[in-house]
């Protein structure tokens, strides 16, 4: 069964993620296609990104600058699919979330795996700009961001007393996102098992070195 990592991208004491996460988690578990685990960045107090080739150590099993960074890379790599809950701060992604993604460095933990998004905000934008930025960030991490997403405006009033969304379209959107995550997780899992290309940056360096050698 594919492993779905639900990443909570805000760590603020008053974060609205705590209104959204219980419902998302219940729906993901009820979907039945995944082994679900929450990766709450409150529990992963990562240092500001500072990795470089000198902090890697053994490239096959990097040590990183701190043990928690190594553990984070291993935890992310366990996943077959990801669902990121994101607020929108100043029209973009929470700094802690961007830092956590940046910290997946040289392990390629997200590579060739699908990522879905649940965006929310206290206003009408519903986290849409943060989700758009995350899609671009995911591509650079060589993940596969999904087109279908969940956007929750006016999050403070979005759920009833039972924790269910007041707008039926919200539940429909999450169901579609989970279906897409399941399909892509299985399809890309099979493809990875059959063999992966080396990352493009590595292939480009090898080709450049080969071309330079042939010119000598």
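Nothing in this text is a laboratory measurement; each read-out follows from the coordinates by a stated rule. It should be emphasised that the depicted structure is a prediction, and the values quoted were computed from it without experimental measurement. For neighbour counting, all protein chains shown are included, and Cβ atoms are generated from backbone atoms with ideal geometry for every residue, glycine included.
Computed from label points 7 Å out along Cα-Cβ, the spacing between residue 164 and residue 204 is 5.0 nm. As a length-normalised measure over Cα pairs under 8 Å and 6 or more apart, the relative contact order of the range 1-103 settles at 43 percent.
For the chain, the longest principal axis of the alpha carbon atoms and the long axis of helix 67-77 meet at an angle near 80°. So for the range 95-216, considering every pair of alpha-carbon atoms, how many percent are separated by more than 25 Å? Cα-Cα pairs of the range 95-216 separated by over 25 Å account for 41 percent.
With both bridge residues required to lie in the chain, what share of the DSSP beta bridges run antiparallel, to the nearest 5%?
10
Helix 17-31 sits at what angle to the longest principal axis of the chain, using alpha carbons and giving 0 to 90 degrees rounded to 10? Once rounded, the angle reads 80 degrees. For the chain, averaging the sequence separation of C-alpha pairs within contact (under 8 Å, six or more residues apart) and dividing by the residue count gives a relative contact order of 21 percent.
With neighbours defined as other Cβ atoms within 10 Å of a residue's Cβ, the residues 44, 183, 72 order from fewest to most as 183, 44, 72. So what's the back-of-envelope 222 nm ellipticity for the chain, counting only DSSP H runs of four-plus at -39500 (n - 2.57) apiece and dividing by all residues, rounded to 500? Only helices count here, giving -14000 deg cm²/dmol. Projected label points at residue 63 and residue 12, each 7 Å from Cα along the beta carbon direction, are separated by 3.9 nanometres. The order of 176, 139, 84, going from fewest to most other C-beta atoms within 10 Å of their C-beta, is 139, 176, 84.
Which of the peptides 197-210, 26-39, 109-122, 158-171 is most tightly packed, and how do the rest follow, judged by the mean count of other Cβ atoms within 10 Å per residue? Walk me through the intermediate numbers first.
On the way: 197-210: 10.4, 26-39: 16.1, 109-122: 23.6, 158-171: 13.0.
Those peptides, ordered most packed to least, come out 109-122, 26-39, 158-171, 197-210.
Calculated from the alpha-carbon coordinates, the chain shows an Rg and a Dmax of 18.5, 73 Å respectively.
Between 0 and 90 degrees, rounded to the nearest ten: what's the tilt of helix 168-194 against the longest Cα principal axis of the chain? With both axes taken from Cα atoms, the answer is about 20 degrees. Give me 75, 98 ranked fewest to most by other Cβ atoms within 10 Å of their Cβ, as a rough exposure proxy. Listed from fewest to most nearby Cβ atoms, that is 75, 98.
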